[in-house]
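The values are calculated or read from the model by the stated rules, or taken from the named source; none is laboratory data. A quick note: this is a predicted structure, and the numbers were derived from the prediction, not measured. Methodologically, a virtual Cβ is constructed for each residue, glycine included, from the backbone with ideal geometry; neighbour enumeration extends over all protein chains shown.
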Amino acid sequence: MAARHANHDGMNSSSEIAQPATTAVLIGYLVQTTVMNVDRESREQMIRVRGAVKTYQLPWGSFTALTKVDLEIEAGEFVAVVGKSGSGKSTLLNLLAGIDSLTAGEAHVAGAAVHDLRGSELAAWRGRTVGLVFQFFHLLPTLTVAENVMIPMDFCGAFPPRARRGRALELLERVGIAEQADKFPASLSGGEQQRVAIARSLANDPPVLLADEPTGNLDSRTGEEALQLFATLAAEGRTIVMATHERDVRRYATRQIILADGRVESELRGQLVPATKWGERQ
């Protein structure tokens with residue numbers, strides 16, 4: 001990792017922290033007031049889960065990761081699924097993406113019954129509908145940054161071949177690292193690699209982004225920058241579902257769903273926080 005990148009992601013002085021916090025006030029205000037001022041019944045339902053059960057058969061017996069989970073998420077929401085390790089949050093995201101299958105229940109995403117999709121039909125639906133962001137980035141080390149962003153386009157054929165690099169450069173510009181387009185992932189900092197992963201998740205312009213612990217390998221400053229980016233995407237109308245073990249995401253997420261032992265324990269809807277408190281670090 002180049003020294004200049006390490007220094008950038010590692011800074012934690014009060015002046016460096018203030019900028020993300022200040023931006024959070026503006027983004028948070030936009031997201032929260034949008035949610036509160038729009039008639040909920042008029043908003044498009046993007047995700048609906050009913051009676052979701054997921055049981056794994058293991059050598060020593062069965063393990064139920066999710067138990068009768070019900071969930072509704074509307075278009076443009078940024079929902080944080082919060083829970084400790086083993087609470088079922090990653091399992092829930094895998095079910096929404098069709099990476100894993102339900103033992104019982106239903107999962108509808110963007111108008112599709114995901115629990116009924118199979119094989120190539122499921123893969124085609126996922127490529128068009130869902131963008132995935134992972135904790136460990138999963139960038140291919142032998143491809144440049146731009147080439148990594150182009151991978152979903154190559155698989156789905158969503159854009160003509162000649163247009164794909166231009167699309168990748170536009171997305172990299174959007175996440176603030178266009179100048180890194182022709183570098184290899186190993187030369188980027190952790191925060192920059194996560195921005196590449198977010199750009200890649202947007203490659204086919206999916207209506208839904210699923211992010212599994214996207215800040216888990218980032219320092220606090222770059223973690224906040226990633227959350228700000230998700231909040232901006234949600235404010236523009238994209239639906240974001242993020243699994244995290246961190247509870248302090250209310251400045252960014254419009255709603256928190258707390259999972260414990262595979263069940264929905266509680267739900268906290270977005271609330272307007274007084275502006276004087278939005279910049280405070282808790």
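Please specify each residue of the range 202-214 satisfying the condition of being within 17 Å of VAL79 (Cβ to Cβ) and crowded, with 24+ Cβ neighbours inside 10 Å. It would help to see each step written out before you state the result.
Let us first name the residues in the range 202-214 that are within 17 Å of VAL79 (Cβ to Cβ), namely 206-214.
Matches in the range 202-214: LEU210, ALA211, PRO214.
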Check: When you look at ALA186, is it farther than 28 Å from ALA110 by Cα, over 12 Å from the mean Cα position of the chain (by Cα) and not hydroxyl-bearing (Ser, Thr, Tyr), yes or no?
Finding: yes
Next item on the list: Give the residue that is nearest to the chain's Cα centre (by Cα), with candidates limited to residues of the range 248-262 that are part of a strand (DSSP E or B) and farther than 10 Å from ALA80 by Cβ.
Entry: LEU259
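For the structure I just gave you, tell me whether PRO185 is farther than 30 Å from SER87 by Cβ, of a type outside the set (A, V, I, L, M, F, W, C) and either in contact with a Pro (Cβ under 8 Å, 6 or more places away or on another chain) or at pLDDT 95 or above (or both).
For PRO185, the condition - farther than 30 Å from SER87 by Cβ, of a type outside the set (A, V, I, L, M, F, W, C) and either in contact with a Pro (Cβ under 8 Å, 6 or more places away or on another chain) or at pLDDT 95 or above (or both) - is met.
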Note to self: Can you pull out every residue in the range 253-277 that is modelled with pLDDT under 90 and crowded, with 20+ Cβ neighbours inside 10 Å?
What the structure shows: GLY270
Next item on the list: Please enumerate the residues belonging to the range 138-155 that are surrounded by fewer than 16 Cβ atoms within 10 Å (Cβ to Cβ) and either among the hydrophobic types (A, V, I, L, M, F, W, C) or within 20 Å of the chain's Cα centre (by Cα) (or both).
Entry: HIS138, LEU140, LEU143, PHE155
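Among THR239, THR232, which is more than 18 Å from GLY83 (Cβ to Cβ) and either free of Cβ contacts under 8 Å to residues at least 60 places away in the same chain or more than 11 Å from the chain's Cα centre (by Cα) (or both)?
On the way: THR239 fails: either free of Cβ contacts under 8 Å to residues at least 60 places away in the same chain or more than 11 Å from the chain's Cα centre (by Cα) (or both).
After ruling out the rest, the residue left standing is THR232.
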Next item on the list: Hey, can you tell me all the residues within the range 109-135 that are among the hydrophobic types (A, V, I, L, M, F, W, C) and either closer than 29 Å to THR215 by Cβ or part of a helix (DSSP H, G or I) (or both)?
Entry: VAL109, ALA110, ALA112, VAL114, LEU122, ALA123, ALA124, TRP125, VAL130, LEU132, VAL133, PHE134
Next item on the list: Please specify each residue of the range 164-211 satisfying the condition of being without any contact (Cβ under 8 Å) to a residue 40 or more places away in the chain, of a type in the set (Gly, Ala, Ser) and closer than 17 Å to ALA231 by Cβ.
Entry: GLY176
